1. How many angstrom lie between the C-alpha centres of region 49-64 and region 382-408?
2. Can you return the lysines within cross-link range of Lys240? Criterion is Cα-Cα under 20 Å, with same-chain partners fewer than 8 residues away left out.
3. Ignoring ligands and nucleic acids, what accessible area does Val405 show with a 1.4 Å probe (Å², nearest 10)?
4. Quick check for me: using +1 on Lys/Arg Cβ and -1 on Asp/Glu Cβ, what's the dipole size of region 318-423 about its Cα centre, in debye to the nearest 20?
5. Report in % the part of the accessible area of the chain that belongs to carbon and sulfur, leaving out ligands and nucleic acids; probe 1.4 Å.
6. Going by alpha carbons, how many degrees (0 to 90, nearest 10) lie between the helix axis of 122-135 and the longest principal axis of the chain?
7. Any idea how far apart Glu124 and Glu347 come out in nm if each label point goes 7 Å out from Cα toward Cβ?
8. Is region 77-232 rounded, prolate or oblate when judged by the Cα gyration tensor, a ≥ b ≥ c being the square roots of its eigenvalues, rounded requiring a/c under 1.5 and prolate requiring a/b larger than b/c?
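The values are calculated or read from the model by the stated rules, or taken from the named source; none is laboratory data. Everything numeric in this text was worked out from a predicted model, so none of it was measured. Cβ placement follows ideal geometry from the backbone for every residue including glycine, while neighbour counts extend to all protein chains displayed. What goes into the accessible areas is simple: the full protein's heavy atoms, side chains included, and nothing from ligands, DNA or RNA. Shrake-Rupley method; radii C 1.70, N 1.55, O 1.52, S 1.80 Å.
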Amino acid sequence: MLTTRRVLGASAGVTAAVLVLVTGWQAGAAEEPVPDQGLYQVRGADTAGERADVTRTGVDVLGVRDGAMEVVASPSQASALRAQGLSLSLEGDWAALLDQRGGGVSARAADFPAGDEGYHTYDEMVAALQAAASAHPDITAVSSIGSSYEGRDIPVIKISDNAATDEDEPEVLFTCNMHAREHLTTEMCLHIVDRFTSGYGSDAGVTGSVDAKEIWVVPSQNPDGAEFDIAGGEYAGWRKNRQPNDDGSVGTDQNRNFSYNWGCCDGSSTSPSAEDYRGPSAASAPEVRAVQDFVDSRVVGGAQQIKAHIDFHTFSELVLWPFGFTYDTVTEGMTQEEYDRFRSVGEEMAASNGYTPDQSSGLYITDGDINDWMWGQHKVLSYCFEMYPSGGGIDGFYPPDEDIVPQTTRNDGAVDTLLSNAT
Ligand code: GEM
Ligand code: CA
Ligand code: CA
Ligand code: ZN
């Protein structure tokens with residue numbers, strides 16, 4: 001089997017090189033107490049392989065981007081990173097940063113902290129979909145792809161002319177909020193819903209897309225986690241779903257639980273308490289099962305109707321394409337021509353939003369992620385977008401709600417590019 005390995009050169013063109021800001025862990029600095037969960041900048045992980053070694057220590061990788069690899073690590077994990085020859089600078093106590101960012105407790109128990117009310121809670125997200133459907137009944141249809149572990153419905157909205165009819169038109173899927181704390185992505189999906197409903201009939205580009213395609217939007221793949229993250233009006237920094245594990249810990253990382261090459265390549269953890277825990281078996285998370293079953297159901301007459309997909313995450317400002325499980329560009333399941341198309345469309349989208357394009361393994365290896373499954377299982381042109389900001393520790397996941405409109409509209413051009421390539 002011929003494979004072509006990505007050449008990770010030293011050229012300026014190498015993206016997402018993790019040269020990380022050197023803010024310098026100064027040996028011998030005045031001894032600050034080392035926090036149980038410290039936010040660290042890391043220096044020295046210069047290749048995807050070295051970055052993968054960082055993830056394998058079980059640290060919570062917040063963001064990866066030229067000049068910045070930000071992790072949350074325990075003292076022993078920090079020692080393990082130093083033992084790999086990496087240098088760390090402690091940016092703060094993660095729990096304290098969460099408390100500070102949480103601001104005042106919100107007016108309502110299950111609302112975002114004071115000042116961030118512009119973000120949608122689960123109930124507000126459901127209501128927004130219902131409002132869009134009521135206002136535009138001819139071009140929308142709201143349904144469900146299943147339920148979360150705690151029993152919350154996972155809604156999907158279809159946007160197309162004659163929405164009640166399954167027409168022979170290319171289908172496009174947008175999924176969001178797979179990771180609980182990545183609330184800006186829920187707003188990204190709701191912006192897509194708003195743009196392609198309220199713009200219908202007045203915006204020629206929107207109208208053309210809605211008439212020619214069938215657009216599916218899942219604003220939250222992880223409603224339990226999203227609600228837990230803001231419970232009590234403070235931020236928890238939560239990532240995974242809320243499914244209990246045998247060891248008493250909670251959560252499976254949905255982006256390591258998809259069935260294609262699940263657990264194949266040391267790109268996820270077998271430790272239930274880890275932030276990238278793959279789960280006890282492929283698609284063991286009900287939320288992952290719901291997404292897989294929905295996409296499987298779009299095979300009509302032997303042909304997958306969904307042609308293109310974006311899964312939105314935060315943060316780092318990246319456009320990523322499969323495969324994540326291997327550094328190889330060409331391998332079983334990916335020809336050179338197919339890889340070149342992923343890169344060409346990915347680079348076009350990145351040119352429109354100012355993100356950095358790369359193969360996802362160029363960041364670090366992941367196995368069981370949604371994009372590998374969408375392409376590996378169904379040959380869907382599937383991307384991972386890491387949204388704003390490019391870095392920033394605690395504010396990386398919790399940008400103020402004033403950032404919602406500029407950072408969601410920033411992706412309008414990329415969304416249109418994906419739609420035009422869905423054929
Ligand atoms: C990433 S998103 C997936 C990126 N793929 C690879 N191979 N790096 C994750 O799931 O860890 C970060 C995020 O969760 O936003
Ligand atoms: Ca239609
Ligand atoms: Ca169809
Ligand atoms: Zn994520």
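1. The two parts, judged by their Cα centres, are 20 Å apart.
2. none
3. 100
4. Working: 4 positive and 18 negative charges, 32 e Å.
The calculation lands at about 160 debye.
5. That share works out to 50 percent.
6. Around 20 degrees separate the two axes.
7. 4.0
8. prolate
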